[in-house]
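Worksheet for the structure shown next.
The values are calculated or read from the model by the stated rules, or taken from the named source; none is laboratory data. None of these values were measured; they are calculated from a predicted model. So basically every Cβ, Gly included, is an ideal-geometry build from the backbone, and we count neighbours across all protein chains shown. Ligands, DNA and RNA are excluded from the accessible area calculation, which covers all protein heavy atoms including side chains. Shrake-Rupley method; radii C 1.70, N 1.55, O 1.52, S 1.80 Å.
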Amino acid sequence: MKKVILAVLVCLAVMATAGFIAFRTIAAKEAPGELSKDVSPQAARALQEKIDAVRNAESDPHHKPGSKHVELAEGELESYLLYSLKDDIPGQIDIAEVQLGTDTISLDTQITFASNATGNALVDSLVGGTHSLFVKGKLTGHQSRGKFDLQEIRVDSIPVPPILIQALFKKYVKPKYPEADLSEPFDLPWRIEELKLEPGKGTVVY
């Protein structure tokens, strides 16, 4: 399950970064908001424990696939992104708000890039500083197969066309995450049978 969370959250952040490279503007930056009261290192550890339980069930000969389920809260996902995945994100996530809907997940962030984040002077001049990023997509998982469809991405409130995201995804994301794909279904890890998203929570059946 960590692979699913990592793939979704990291790819969302990386795609937003790529979109930002093309749509850098001088628009006023959104003011920082308050972190949810549910966001904490403890919440990140709670999600890690759930991930470990799902992973360990795969090697348990007495476990029957599909016989258990675990619920994921938005605050846990936000905490996991901020505290457990921070080293995997290309930039410092200052604020992250995850919203779950019916088969949808969105990530609204404020992210700060170092002045030498990429080592490319031109790119660094575009992405350096603090900016707002928003990404939303449809995420479903049935019969051990998952599918993610990108629906929307905004950088400093500027919409990024899907066709450009596809091109940037191929250039900036695929080299680092070769298994990531914006159009193809993927295998859910650790014998996960189903992934269901609804307003405020996600449910993993394993």
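Leaving ligands, DNA and RNA out of it, rank Y80, Y206 by accessible area with a 1.4 Å probe, largest first.
On the way: Y80 0, Y206 20 Å².
Of Y80, Y206, the descending order of accessible area is Y206, Y80.
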Handout entry: Sites Q151 and S183, calculated FRET efficiency, Cβ-Cβ separation with R0 22 Å, nearest 0.05
Key = 0.95
Exercise for the section: At 7 Å along the Cα-to-beta-carbon direction for both K170 and T112, put a label point, then send me their distance in nm to one decimal. Expected result: 3.6 nm
Practice task
Can you send over the solvent-accessible area of F113, 1.4 Å probe, protein chains only, in Å² to the nearest 10?
Solution key: 10 Å²
Fill in the blank from the handout: Taking R0 as 25 Å and r as the Cβ-Cβ distance between K64 and T102, the FRET efficiency 1/(1 + (r/R0)^6), rounded to the nearest 0.05, comes to 0.35
Problem - Zone residues, segment 88-106, relative to R45, backbone N less than 17 Å from point 7 Å out along Cα-to-Cβ - result: none
Problem - Accessible area (Å², 1.4 Å probe, nearest 10) - L139 - result: 10 Å²
